Amino acid sequence: MTMKVLSSLPDLRQTRRLVIKVGSALLVEGKEARTDWLATLATEIADLRQNSEVIVVSSGAIALGAAKLGLAKGGRGSLADAQAAASVGQVALARLWSDALGTHGITAAQILVTLGDLEDRRRYLNASATLARLLEAGAVPVVNENDSVATEEIRFGDNDRLAARVAQAAGADAVMLLSDVDGLYDRDPRESGAKLVERVDGVTPEIIAMASSASSSGLGSGGMLAKLQAARIAERAGITLAIVNGTHPSPISRALDSGTGTLFPAQADASARKAWLGGRLAPSGVITVDLGCMAALENGASVLAAGITGVEGAFARGDLVAIHGPNGERLGQGLVEYTSAECSAILGLREEHQSAKLGYAPRAAVIHRDHMVHA
């Protein structure tokens, strides 16, 4: 994938392929869908499709289903309530998008995904092929997490990060997150003197510190922290991401015409495999390394057994594991060449001493640099 340079919000009108994320609080007010607002958004999507292919990532199933079933706490009182609400709400959500887009002669296609669909390489490629075929056929895919079967342990948890992962799978140029604020502020936007950050060239720990993890609406599961995590996934994959205010009628035109929002330009053009690795969200374990290995990793080295000081979790060869430094700092993640038991057996050992522990000749590395991405 060749990285497309998008240097301003208005540039998003010229993208080849755009992912638009819509949150629960924008789509549902009280117990009713905001059909008038959705109609204006559908008109904007129809306009965008003159130059771009569009994919929608839409929340709202749990909120809509909870209203129909009369469930307390918006359907989030328990896992069983959330799954039941999602089962009912997915039908209503699909109908909303089908009707809104159908007014413009556009076919909506529902895709429900789980975390595993984009974490497993084979299923990821299958999702990518499905998205490509739907776009080729002229449909607008409407994607949501399959909350009817997802659990706390195996879910994205928010559609911001899901949107970034879908953009990777679809080979999109950009992601637009419709939020309830104008973008990222240098502090809580409710505080006096808070300033909108118009452009972020790389999501750093300092940028993360500006975010609140709270979802102001109480309907969704995301917040500004989730949006920054999505931006980090996108920028690593060579995808530009924007956060704009979606609360107004025709929110996209309002944001792009005024240039109001926060733009996260793509920072890299990673290989497809490295981009997929960098976007994965559910490591099976943790390998902790010493200062020497940490320094070597910064210079592009692989993780060797001699530099490992600790192993957490139960994982098999080929699983994704996180790599932590001596003080618990996250250094990256990658595909491990040994099981967790084997890693524990050879940690701290140089290559010439590993054979006796393993019973066979050791591999070149515990995590090879070609199968690793840095944090």
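The values are calculated or read from the model by the stated rules, or taken from the named source; none is laboratory data. Note that the structure is a prediction, hence the values are computed from the model and not measured. Here the Cβ positions follow ideal geometry from the backbone for every residue, glycine too, while neighbour counts run over all protein chains shown. Accessible surface is based on the protein model in full, side chains and every heavy atom, while ligands, DNA and RNA are left aside. Shrake-Rupley method; radii C 1.70, N 1.55, O 1.52, S 1.80 Å.
Looking only at region 71-86, which residues are open to solvent by 60 Å² or more (accessible area, probe 1.4 Å) and either of a type in the set (G, A, S) or not in a helix (DSSP H, G or I) (or both)?
Across region 71-86, the qualifying residues are A72, R76, A80.
For residues in region 57-70 being assigned to a helix (DSSP H, G or I), over 14 Å from S148 (Cα atoms) and touching a residue at least 24 places away in the same chain (Cβ under 8 Å), which is least open to solvent (accessible area, probe 1.4 Å)?
Per the criteria, the residue is A67.
When you check A92 against the structure, is it within 25 Å of V19 (Cβ to Cβ), open to solvent by 20 Å² or more (accessible area, probe 1.4 Å) and in a helix (DSSP H, G or I), yes or no?
For A92, the condition - within 25 Å of V19 (Cβ to Cβ), open to solvent by 20 Å² or more (accessible area, probe 1.4 Å) and in a helix (DSSP H, G or I) - is not met.
For G318, only one of the following conditions fails: (1) in contact with a Pro (Cβ under 7 Å, 6 or more places away or on another chain); (2) within 19 Å of D370 (Cβ to Cβ); (3) surrounded by fewer than 18 Cβ atoms within 10 Å (Cβ to Cβ). What is its number?
That leaves (1) as the condition not met.
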